[in-house]
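Asks: Quick one: structure below, then a few questions.
The values are calculated or read from the model by the stated rules, or taken from the named source; none is laboratory data. Please read these numbers as outputs of a predicted model, since none were measured by experiment. Every residue, glycine among them, receives a Cβ derived from its backbone with ideal geometry; neighbour counts consider all protein chains shown. When the accessible area is computed, the model is the full protein with side chains, heavy atoms only, and any ligands, DNA or RNA have been set aside. Shrake-Rupley method; radii C 1.70, N 1.55, O 1.52, S 1.80 Å.
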Amino acid sequence: MGAAVKIAPSMLSSDFANLASETERMIQFGADWLHMDIMHRHFVPNLTIGAPVIESLRKNTKAYLDCHLMVTNPIDYVEPLSKAGASGFTFHVEVSKENWKEIIQRIKLGGMRPGVALKPQTAIEEVFPMVESENPVELVLVMTVEPGFGGQKFMPEMMDKVRKLRRKFPSLDIEVDGGLGPSTIDMAAAAGANCIVAGSSVFGSADPAQVISELRKSVQEAQEIN
Ligand code: DX5
Ligand code: ZN
């Protein structure tokens, strides 16, 4: 038995004008988590949503809101997102070398689950101390595209990172994000990922429920083999 499978549609690919009904639809289609991409232009060349949108959404759903912070100052977002009702808070290692212990502590105090993300250029070893810490992150998000936009091509060379992590931390939540869909899931599943973010492949499909179920099946089958 591996770590629990979580399929997390990325709401970045949803119709933002109808976010509440889009989230409801995804839960009905079998999503476990809803992946919320919080981007600010200083970290990525895009700008999306922040705590006010999470707060409005929380009034409409009980779902697990898996927030991915693509910002240069994650600590400033901890309190607003906690108050807004975020569930998971995943910050980037590249911008938290000095204060990750404090960030993790504040995330937990705010009742959220801490995670750390890394960009394609960042070595996986950089997150090991955060997983091994006495107050650890509970999820590692391995970016499989350059952060910033949906609809990019999956980078298979990132699977080395996932394999190394899985070997070292058998029950850790390992999330992959970027370019995941029916044609790439088997690589991520075989490497040991158990939390799967998928934006364009889910929202771009005529049958999102089928895509979600295919993703889940692939991870479950890989876990049975390993
Ligand atoms: C990219 C975001 C992703 C993105 C994934 O920076 O972190 O969550 O929405 O979208 P797809 O699945 O289309 O690559
Ligand atoms: Zn993301």
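Asks: How about the range 140-160: which of its residues are within 16 Å of ligand 2 (Cβ to nearest atom) and within 16 Å of residue 123 (Cα to Cα)? Before the answer, list the steps.
Replies: Of the range 140-160, the ones within 16 Å of ligand 2 (Cβ to nearest atom) are 140-155, 158.
Within the range 140-160, 140, 141, 142, 143, 144, 145, 146, 147, 155, 158 meet the criteria.
Asks: Another question, if that's okay. Please pick out the residue among 11, 70, 36, 26 that is away from ligand 2 (no atom under 12 Å from the Cβ) and either at pLDDT below 95 or crowded, with 19+ Cβ neighbours inside 10 Å (or both). Full working, then the answer.
Replies: Numbers: 11 fails: away from ligand 2 (no atom under 12 Å from the Cβ); 70 fails: away from ligand 2 (no atom under 12 Å from the Cβ); 36 fails: away from ligand 2 (no atom under 12 Å from the Cβ).
Answer to the check: 26.
Asks: Another one. Among the residues of the range 39-61, which ones are within 15 Å of ligand 2 (Cβ to nearest atom), touching a residue at least 40 places away in the same chain (Cβ under 8 Å) and open to solvent by less than 60 Å² (accessible area, probe 1.4 Å)?
Replies: 39, 43, 44, 46
Asks: Report every pair of residues separated by at least 6 positions or lying on different chains whose Cβ atoms are under 7 Å apart, first residue within the range 1-28 and within 19 Å of residue 176 (Cβ to Cβ) and within 16 Å of ligand 1 (Cβ to nearest atom), second of a type outside the set (Gly, Ala, Ser) and assigned to a loop (DSSP other than H, G, I, E, B).
Replies: Close Cβ pairs (under 7 Å, with a partner that is of a type outside the set (Gly, Ala, Ser) and assigned to a loop (DSSP other than H, G, I, E, B)) amount to 6/32; 6/194; 7/32; 8/32; 12/48.
Asks: Being buried (at least 16 other Cβ atoms within 10 Å of the Cβ) and more than 24 Å from residue 104 (Cα to Cα), is that true of even one residue in the range 121-140?
Replies: Checked against the condition, which is being buried (at least 16 other Cβ atoms within 10 Å of the Cβ) and more than 24 Å from residue 104 (Cα to Cα), the range 121-140 yields no hits at all.
Asks: Here's a follow-up. Exactly one condition in (1) within 12 Å of ligand 2 (Cβ to nearest atom); (2) out of contact with any Cys (no Cβ under 7 Å at 6 or more places or on another chain); (3) open to solvent by less than 30 Å² (accessible area, probe 1.4 Å) is false for residue 96; which is it?
Replies: All conditions are met except number (1).
Asks: Let me ask you something else. Answer yes or no: is there a residue in the range 106-115 that is within 16 Å of ligand 2 (Cβ to nearest atom) and either closer than 27 Å to residue 183 by Cα or touching a Pro at 6+ places or on another chain (Cβ under 7 Å) (or both).
Replies: yes
Asks: Which number in (1) within 15 Å of ligand 1 (Cβ to nearest atom); (2) touching a Phe, Trp or Tyr at 6+ places or on another chain (Cβ under 7 Å) marks the one condition that residue 87 misses?
Replies: (1)
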